[in-house]
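Structure first, commentary second.
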């Protein structure tokens with residue numbers, strides 16, 4: 001057993017400790033820094049003259065007081081980059097799936113802890129032997145079929 005006085009991680013998972021700057025993380029993942037910052041910090045965008053909307057973050061930082069990302073955040077960013085660029089899933093679809101899984105599956109890092117399937121338009125997740133469309137806003141919605149489209153596994 002580890003003595004808590006000697007625990008260098010202070011009871012936290014090492015992979016969840018803030019360790020990477022946003023620019024370093026973007027380089028490691030292979031996405032533009034602005035894209036990663038948008039995923040992690042959210043971004044403001046113009047709606048109308050003198051009005052702005054806000055797109056909230058998709059990935060949760062380990063400590064909101066710091067700008068650094070954890071290894072788990074890097075995994076999430078890698079998965080999100082793959083879902084977006086390789087599979088062509090829209091960011092809003094991915095955002096809905098993340099929100100659904102955070103609530104329904106009670107996980108802080110759904111992009112790092114789930115196995116996703118996609119038909120290119122929606123994100124599905126396997127849970128207790130069922131495939132659920134995680135992209136739907138309705139937390140009670142369950143998968144009813146791919147409508148003739150065979151899903152592919154998102155890495």
- Message: I want to confirm something. Restricting to the stretch 105-122 and keeping residues that are in contact (Cβ under 8 Å) with a residue 24 or more places away in the chain and over 16 Å from residue 61 (Cβ atoms), which single residue is surrounded by the most Cβ atoms within 10 Å (Cβ to Cβ)?
- Response: 116
- Message: Please go through the stretch 44-83 and give me each residue that is within 19 Å of residue 23 (Cβ to Cβ) and touching a strand residue (DSSP E or B) at 6+ places or on another chain (Cβ under 7 Å), ordered by number.
- Response: 61, 68, 69, 74
- Task: With the condition kept exactly as written, say whether any residue in the stretch 76-87 is over 24 Å from residue 13 (Cβ atoms), in a helix (DSSP H, G or I), over 11 Å from the mean Cα position of the chain (by Cα) and touching a residue at least 24 places away in the same chain (Cβ under 8 Å).
- Result: yes
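Regarding residue 92, is this residue under 22 Å from residue 135 (Cβ atoms) and out of contact with any strand residue (DSSP E or B) (no Cβ under 6 Å at 6 or more places or on another chain)? Spell out the reasoning first.
Values: under 22 Å from residue 135 (Cβ atoms): yes; out of contact with any strand residue (DSSP E or B) (no Cβ under 6 Å at 6 or more places or on another chain): yes.
Yes, satisfied.
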- Note on the structure: Note on the stretch 122-131: residues under 17 Å from the mean Cα position of the chain (by Cα) and either more than 19 Å from residue 76 (Cα to Cα) or not in a loop (DSSP other than H, G, I, E, B) (or both) are 123, 124, 125, 126
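Within the stretch 143-151, identify whether any single residue is modelled with pLDDT of 50 or more and surrounded by 13 or more Cβ atoms within 10 Å (Cβ to Cβ), and answer yes or no. Steps first, please.
The initial filter retains those residues of the stretch 143-151 that are modelled with pLDDT of 50 or more, namely 151.
Narrowing the set further to residues that are surrounded by 13 or more Cβ atoms within 10 Å (Cβ to Cβ) leaves 151.
Checked the stretch 143-151: at least one residue is modelled with pLDDT of 50 or more and surrounded by 13 or more Cβ atoms within 10 Å (Cβ to Cβ).
Is it the case that some residue within the stretch 123-135 is within 15 Å of residue 25 (Cβ to Cβ) and either touching a residue at least 12 places away in the same chain (Cβ under 8 Å) or surrounded by fewer than 17 Cβ atoms within 10 Å (Cβ to Cβ) (or both)? Steps first, please.
At the first step, the residues of the stretch 123-135 found to be within 15 Å of residue 25 (Cβ to Cβ) are none.
Looking through the stretch 123-135, none of the residues is within 15 Å of residue 25 (Cβ to Cβ) and either touching a residue at least 12 places away in the same chain (Cβ under 8 Å) or surrounded by fewer than 17 Cβ atoms within 10 Å (Cβ to Cβ) (or both).
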- residue 69 passes all but one of the listed conditions (1) buried (at least 17 other Cβ atoms within 10 Å of the Cβ); (2) closer than 20 Å to residue 101 by Cα; the exception is number (2)
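To keep it simple, each residue is scored yes or no on (1) more than 29 Å from residue 129 (Cβ to Cβ); (2) exposed (fewer than 13 other Cβ atoms within 10 Å of the Cβ); (3) touching a helix residue (DSSP H, G or I) at 6+ places or on another chain (Cβ under 7 Å); (4) modelled with pLDDT under 90.
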position: 32; (1), (2), (3), (4): yes, yes, yes, no
position: 36; (1), (2), (3), (4): yes, no, yes, no
position: 47; (1), (2), (3), (4): yes, yes, no, yes
position: 64; (1), (2), (3), (4): yes, yes, no, yes
position: 97; (1), (2), (3), (4): no, no, no, no
position: 103; (1), (2), (3), (4): no, yes, no, yes
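The values are calculated or read from the model by the stated rules, or taken from the named source; none is laboratory data. Just so you know, these numbers come straight off a predicted model, no measurement behind them. Cβ: placed from backbone, ideal geometry, glycine included. Neighbour counts: every protein chain shown.
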